[in-house]
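Peer 1: Can you keep this structure in mind? I'll have questions shortly.
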Amino acid sequence: MGLVISFWILAAICILAALGVIFLRNVFRAALSLILCFLMVAGLYITLSADFLAAVQILVYVGAISVLIILAIMMTREVQRGSPSNRLQIPAFIVAILLLEVLVLTLLKTPWQIATTPPLAPTTTALATRLFGEGGFILPVEIAAVLILSAILGAIVLAREK
């Protein structure tokens, strides 16, 4: 029962964070909301017993993609102004509503098969064990991440106006 409650709490926070990405005018805050959304998706994977997908979600999206987005925002001038208004807002809203309708109809009309017992073995695969297990490549990946972060910080210092 606790797993179901945590799933719905994570899902609600994920939806609120996604709405924050859409409606926040400050681009930096929208990027932080996107990071929160990525973390909540990783939490949803954990509640669904998909440990490897959660680890990949955190490493790839929260770690790499979010850092690239924040770097691009920091290198851009006039971040505080936010996104200019667009004349395609109404057609985009109509397309989003139609997509939502298709997704809801698919969700309601599909006969979902629900497993009655949880998986017996962990969901980690041989790839996860090889990458993150004993003698794996996690230390070189972490060292590369620190080197890339220091290069990004150096680029920001060099590119910043005096």
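The values are calculated or read from the model by the stated rules, or taken from the named source; none is laboratory data. Quantities reported herein were computed from a predicted structural model and do not represent experimental measurements. No Cβ is skipped: glycine too gets one built from the backbone with ideal geometry, and neighbour counts run over all protein chains shown. When the accessible area is computed, the model is the full protein with side chains, heavy atoms only, and any ligands, DNA or RNA have been set aside. Shrake-Rupley method; radii C 1.70, N 1.55, O 1.52, S 1.80 Å.
Peer 1: Would you point out which residue out of 27, 21 is surrounded by 15 or more Cβ atoms within 10 Å (Cβ to Cβ), over 24 Å from residue 115 (Cα atoms) and without any contact (Cβ under 8 Å) to a residue 40 or more places away in the chain?
Peer 2: None of the others qualify; the one that does is 21.
Peer 1: Restricting attention to the stretch 1-18, which residues are in contact with a helix residue (DSSP H, G or I) (Cβ under 8 Å, 6 or more places away or on another chain) and either modelled with pLDDT of 90 or more or farther than 22 Å from residue 117 by Cα (or both)?
Peer 2: Matches in the stretch 1-18: 6, 7, 10, 11, 13, 14, 17, 18.
Peer 1: Please go through the stretch 1-44 and pick out each residue that is in contact with a Phe, Trp or Tyr (Cβ under 8 Å, 6 or more places away or on another chain) and farther than 19 Å from residue 67 by Cα.
Peer 2: Across the stretch 1-44, the qualifying residue is only 44.
Peer 1: Could you list all residues from the stretch 47-63 that are open to solvent by less than 30 Å² (accessible area, probe 1.4 Å) and either over 13 Å from the mean Cα position of the chain (by Cα) or acidic (Asp, Glu) (or both)?
Peer 2: Those that are open to solvent by less than 30 Å² (accessible area, probe 1.4 Å) and either over 13 Å from the mean Cα position of the chain (by Cα) or acidic (Asp, Glu) (or both): 47, 50.
Peer 1: To continue, here is another question. Quick one: which of 44, 3, 32 is assigned to a helix (DSSP H, G or I), touching a Leu at 6+ places or on another chain (Cβ under 6 Å) and surrounded by 11 or more Cβ atoms within 10 Å (Cβ to Cβ)?
Peer 2: Unique residue meeting the criteria: 44.
Peer 1: Any idea which of 92, 31, 96 is at negative phi and touching a helix residue (DSSP H, G or I) at 6+ places or on another chain (Cβ under 9 Å)?
Peer 2: From the options 92, 31, 96, the qualifying one is 31.
Peer 1: While we're looking at this one, here's another question. Give the residues of the stretch 64-106 that are hydroxyl-bearing (Ser, Thr, Tyr), exposed (fewer than 10 other Cβ atoms within 10 Å of the Cβ) and either modelled with pLDDT under 80 or within 24 Å of residue 142 (Cα to Cα) (or both), sorted by residue number.
Peer 2: 85
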